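The values are calculated or read from the model by the stated rules, or taken from the named source; none is laboratory data. It should be emphasised that the depicted structure is a prediction, and the values quoted were computed from it without experimental measurement. Backbone-built Cβ (ideal geometry, glycine too); neighbour counts: all protein chains shown.
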Amino acid sequence: MEQPYAIEMLHITKRFPGIVANDNITLRLRKGEIHALLGENGAGKSTLMSVLFGLYQPEEGAIKKDGREVRIKDPNDANDLGIGMVHQHFKLVECFTVLDNIILGVEPCRHGFLQKADARKKVLDLSEKYGLKVDPDALVEDITVGMQQRTEILKMLYRDNEILIFDEPTAVLTPQEIDELMEIMRGLAAEGKSILFISHKLNEIMEVADRCTVLRKGRYVGTVEVKDTTKEELSRMMVGRNVEFVVHKEPAVPKEVLLEVEGLTVASKLHSNNAVRNVSFSVRAGEIVCIAGIDGNGQTELVYGLTGLEPVKEGKILLKGADITRAPIRQRSTGGMSHIPEDRHKHGLVLDYTLEDNMVLQRYFEPEFVTSAGFLKRRAIRAYALRLIEQYDVRSGQGPVTIARSMSGGNQQKAIVAREIDKNPDLLVAVQPTRGLDVGAIEYIHRQIVAQRDAGKGVLLVSLELDEVMALSDRILVMYEGEIVGELDPKTTTVEEMGLYMAGAKRKGA
Amino acid sequence: MNEKKRSLLQNKGVQSLLASLLCILAGLLIGYLVLLIINPAGAWEAIVTIVENFLYYPSPQAQIRYFGNTLVKTAPLLMCSLSVLFAYKVGLFNIGAAGQYVIGAGACLYCALAWQMPWFVCMLAAVAAGAVLGAISGALKAYRNVNEVISCIMLNWISLYAVNVLLSQVKETASPYTLTLSSTNPGALLPSLGLGDLFQNNRYVTLAIPLTVLVAAAIWVLLEKTKLGYELKATGFNKYAAQYCGMKEKRNIILTMVIAGGLAGLGAAALYLTGFEQWQTTHSSIPSMGFNGIAAAFLGGLNPIGSIFASYFIQHITNGGAYVDKTMYSAQISDLISSLIIYLCGFVLFFKSLLDRRLARQAERAAARAKAEKGGESK
């Protein structure tokens, strides 16, 4: 007999200016099942969950709880319906105890005084019942990430939630903790809780989930029984078959080695594990090497280590034969490295500066732009900015004197690309250079990157977009959990194969 | 609102000026209301007196002489306001200008009175002392991320009491005041350059006044025209971008506080080396000069040139307060009124953002209207 549905999200459509984040998506969660939600970054998973949680209102579609249509206007409604969520980044008060965090917001009170004894009993009972080991009196800042997560789960159970959402719960856990979590999830499902498990790690989905719904680019791809499917099929459903952007380029003619990385290890800011672990590779002149991988697998930290934004823990970086492992950023930049940063607002631009001042951000100290007495050559800066604006087609309201903040994202990005390419580097490090841009700007930036390669530069491209990786790269390095797990040739590999590496299902030599 | 008028109002300079004028008006109005509440009979006269300041004197000679006195005290205020402004441009709030000013006063007076140094050495000592104090807060901020406001406030008090102890060695035996420069070491008095004669033989009018105006201009040039200013402002706007393009953001933070501290120290020299005031070694509160510098910096629209006028205005009403009829109002009334006005000067940014938001709303509504009309056509 078909189990009844705990939650049904029917034909949900949610639009944002310029994009359709969820396009007619249907998700049915049965009572007592573990249902995985799979998709790449930007596939619409978070939007869908935000709709379920009442953070967004869908334009079309309906939500049913136990077969009855409900309206979820805000997270309080969701909570009343028994929907709870463990966020990827925990929402705990660091300086409170575990118990205080669990009862936060639903404190049992009598005459205005806290009644913690009752709460403690309930928490301990739940903890025993589901095997969620926590110390109720420990401060959250002192406990492990795994115990923090169990605290979050207890928070949901304490509120008698029936529908539990786990948003990429394994991202911050050690392998042992992941095993424990899987066990806990099975236990919860066995007790009749319904679990939505958001992930892009195929192994975990295969291990724990009953069914899996796949989204791609805001669209519903399908729902499959996990026991009837394979990792390969899921991966194909997740990334799609077709490479959508075709970039015309000649075969690469790699020449001398420009960048050599040996045994690079970079610490993580988020957890005690290293974000980049013992990574080695090289980039030659005249080739585009692409680092592919799912967000958060150490790509950001790898680039920070290469460009000097974060100190390197171990290993060696050679740029044109010179050791730059501990060199200051300026020395790397003048030594021939250009960097199109991942976050254009945080690193790439001084948003309150004018466009022209941003254009010389990497060169203002050169004699072309500053006198020996330290005065800026304003006229030279203006002329230079005008040339870049013209040559790279950077559009803005008032030309060189436009405040960067007021420009569109695409043109801000073009300004950065112009600045970094015109610096005439030997090695261009481009991190997600087309994120959030429209098709026209993407094409333009892709052409520029290929042109750099053809001019004999080395390009290290970090991208989360598989299409971009396939279209641009001459070699692909796949990063998974801080390590390079595979080197692929874009001419012979498939998106499916790459997806397996990215999800940790395959690694080189295995 | 027509387009021309709106674009004029969107001009940053015009906005700053408007906001500053609004603040002054609001301050005067509230000051007037307070006077009305205390004693309605003399309120109008008192507020007029405050605004008049030296014009209160009937003779033109006296007017000019006392105008000179206002200028003498404007010079240190201008330096303190530049100190605050400079740090603010680099994203730091230098509430320590007060302490840097105090330590500057201690350094220049001690050099003058205990060591009989000439004026320029005393002045350099004041700058150096302020710079060192600024460097402490800057280094704590850069290397240990200690909030500069906290470390500055603590250093303010440390410097006050340290200076009291230090200057007790050179105070008059019968009073808590330091020895006068004219009796002990006239060589430490700032040269008048004949400026005193222009102000009816006001011997306190010295080199300090043109010097501080020149410094204000120099700070403007430094911030707007030089590589250093470009780097410092970039660090202030976005320290991550500054780091990304290889600027030494830690060095920039320390350097900023050194310069800011030096400016406040110079402010102290610009007052105490004129002989206009003696240091009172029983001070148990920090001289308000540094704090008024904050108000002057904001009232001046965070522009060094604006600071010149803002500093003058604040000093003008502070001096004017001294002439309020003491038979109708208690002696503290002048301080109360001027501090009320200064307090409201701090609202410049508030008025500015209010103005901005109003303009943005209007633009939005216009855009929405345009869109609605267009939408109507297409349907």
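When the residues of the range A:322-342 are narrowed to those that are part of a strand (DSSP E or B) and more than 8 Å from chain B (Cβ to nearest Cβ), which ends up farthest from the chain's Cα centre (by Cα)?
Filtering the range A:322-342 for residues part of a strand (DSSP E or B) gives A:322-323, A:337-340.
Imposing the further condition that a residue be more than 8 Å from chain B (Cβ to nearest Cβ) reduces the set to A:322-323, A:337-338, A:340.
Values: A:322: 32, A:323: 31, A:337: 25, A:338: 23, A:340: 17 Å.
Looking at the filtered set, the residue picked out is A:322.
Among the residues of the range A:357-376, how many are more than 10 Å from chain B (Cβ to nearest Cβ) and over 18 Å from residue A:424 (Cα atoms)? Quick ask: steps written out before the conclusion?
Within the range A:357-376, the subset more than 10 Å from chain B (Cβ to nearest Cβ) is A:359, A:366-368, A:372.
Still in the running and over 18 Å from residue A:424 (Cα atoms): A:372.
Residues meeting the conditions: 1.
Does the range B:196-228 hold any residues that are part of a helix (DSSP H, G or I), more than 25 Å from residue B:293 (Cα to Cα) and away from chain A (no Cβ under 14 Å), and which are they?
Keep residues of the range B:196-228 that are part of a helix (DSSP H, G or I), which gives B:196-198, B:208-225, B:227-228.
From what's left, more than 25 Å from residue B:293 (Cα to Cα): B:196-198, B:227.
Answer for the range B:196-228, where residues must be part of a helix (DSSP H, G or I), more than 25 Å from residue B:293 (Cα to Cα) and away from chain A (no Cβ under 14 Å): B:196, B:197, B:198.
Step by step: first the residues of the range A:468-493, then only those that are out of contact with any strand residue (DSSP E or B) (no Cβ under 9 Å at 6 or more places or on another chain) and surrounded by fewer than 19 Cβ atoms within 10 Å (Cβ to Cβ), then the one that is nearest to residue A:255 (Cα to Cα). Which residue is that? Walk me through it before giving the result.
Taking the range A:468-493 as the starting set, the residues that turn out to be out of contact with any strand residue (DSSP E or B) (no Cβ under 9 Å at 6 or more places or on another chain) are A:471, A:491-492.
The next check asks that each one be surrounded by fewer than 19 Cβ atoms within 10 Å (Cβ to Cβ); those that pass are A:491-492.
Details: A:491: 19, A:492: 22 Å.
Selected residue: A:491.
Quick one: is residue A:381 in a helix (DSSP H, G or I), among the aliphatic types (A, V, I, L, M), surrounded by 22 or more Cβ atoms within 10 Å (Cβ to Cβ) and in contact with a Phe, Trp or Tyr (Cβ under 8 Å, 6 or more places away or on another chain)? Walk me through how you get there before you give the answer.
Numbers: in a helix (DSSP H, G or I): yes; among the aliphatic types (A, V, I, L, M): yes; surrounded by 22 or more Cβ atoms within 10 Å (Cβ to Cβ): yes; in contact with a Phe, Trp or Tyr (Cβ under 8 Å, 6 or more places away or on another chain): yes.
Criteria met by residue A:381.
I'm trying to understand the selection: among the residues of the range A:143-177, which are modelled with pLDDT under 80, aliphatic (A, V, I, L, M) and part of a helix (DSSP H, G or I)?
Matches in the range A:143-177: A:145 only.
Just name the residue that is surrounded by the most Cβ atoms within 10 Å (Cβ to Cβ) out of those in the range A:343-356 that are more than 10 Å from residue A:404 (Cβ to Cβ) and within 7 Å of chain B (Cβ to nearest Cβ).
Going through the qualifying residues, I end up with A:347.
For the structure I just gave you, tell me whether residue A:294 is more than 21 Å from residue A:399 (Cβ to Cβ), away from chain B (no Cβ under 11 Å), surrounded by 15 or more Cβ atoms within 10 Å (Cβ to Cβ) and within 21 Å of the chain's Cα centre (by Cα). Talk me through it step by step, then tell me what you get.
Numbers: more than 21 Å from residue A:399 (Cβ to Cβ): yes; away from chain B (no Cβ under 11 Å): yes; surrounded by 15 or more Cβ atoms within 10 Å (Cβ to Cβ): yes; within 21 Å of the chain's Cα centre (by Cα): yes.
Criteria met by residue A:294.
Keeping to the range B:167-219, report how many residues are of a type outside the set (Ser, Thr, Tyr) and touching a strand residue (DSSP E or B) at 6+ places or on another chain (Cβ under 6 Å). Steps first, please.
If we filter the range B:167-219 for residues that are of a type outside the set (Ser, Thr, Tyr), which is where we start, we get B:167, B:169-172, B:174, B:176, B:179, B:181, B:185-191, B:193-203, B:205, B:207-211, B:213-219.
Checking which are touching a strand residue (DSSP E or B) at 6+ places or on another chain (Cβ under 6 Å) leaves us with B:167, B:170-171, B:176.
Adding up the residues that qualify gives 4.
β-branched (Val, Ile, Thr), more than 11 Å from chain B (Cβ to nearest Cβ) and outside any helix (DSSP H, G or I): is that true of residue A:300 in this structure? Even if it seems obvious, please write down each step before you answer.
On the way: β-branched (Val, Ile, Thr): yes; more than 11 Å from chain B (Cβ to nearest Cβ): yes; outside any helix (DSSP H, G or I): no.
No, not satisfied.
With in contact with a strand residue (DSSP E or B) (Cβ under 9 Å, 6 or more places away or on another chain) and away from chain B (no Cβ under 14 Å) as the only criterion, which of A:414, A:457 stands out? Break it down into steps so the answer makes sense when it comes.
Values: A:414 fails: in contact with a strand residue (DSSP E or B) (Cβ under 9 Å, 6 or more places away or on another chain).
Being in contact with a strand residue (DSSP E or B) (Cβ under 9 Å, 6 or more places away or on another chain) and away from chain B (no Cβ under 14 Å) holds for just one of A:414, A:457, which is A:457.
For the range A:259-266, state whether one or more residues are at pLDDT 90 or above, under 20 Å from the mean Cα position of the chain (by Cα) and among the aliphatic types (A, V, I, L, M).
yes
When residue B:142 is evaluated against the numbered criteria (1) in contact with a Phe, Trp or Tyr (Cβ under 9 Å, 6 or more places away or on another chain); (2) touching a residue at least 12 places away in the same chain (Cβ under 8 Å); (3) more than 16 Å from residue B:263 (Cβ to Cβ), which criterion, by number, is the only one it fails?
Every listed condition holds for residue B:142 apart from (1).
Look at the range A:39-80 and say how many of its residues are assigned to a loop (DSSP other than H, G, I, E, B), more than 27 Å from the chain's Cα centre (by Cα) and either crowded, with 17+ Cβ neighbours inside 10 Å or touching a residue at least 40 places away in the same chain (Cβ under 8 Å) (or both).
So the count comes out to 3.
Sort through B:298, B:309 and tell me the only one that's part of a helix (DSSP H, G or I), away from chain A (no Cβ under 14 Å) and either among the basic types (Lys, Arg) or in contact with a Leu (Cβ under 8 Å, 6 or more places away or on another chain) (or both).
Values: B:309 fails: either among the basic types (Lys, Arg) or in contact with a Leu (Cβ under 8 Å, 6 or more places away or on another chain) (or both).
Being part of a helix (DSSP H, G or I), away from chain A (no Cβ under 14 Å) and either among the basic types (Lys, Arg) or in contact with a Leu (Cβ under 8 Å, 6 or more places away or on another chain) (or both) holds for just one of B:298, B:309, which is B:298.
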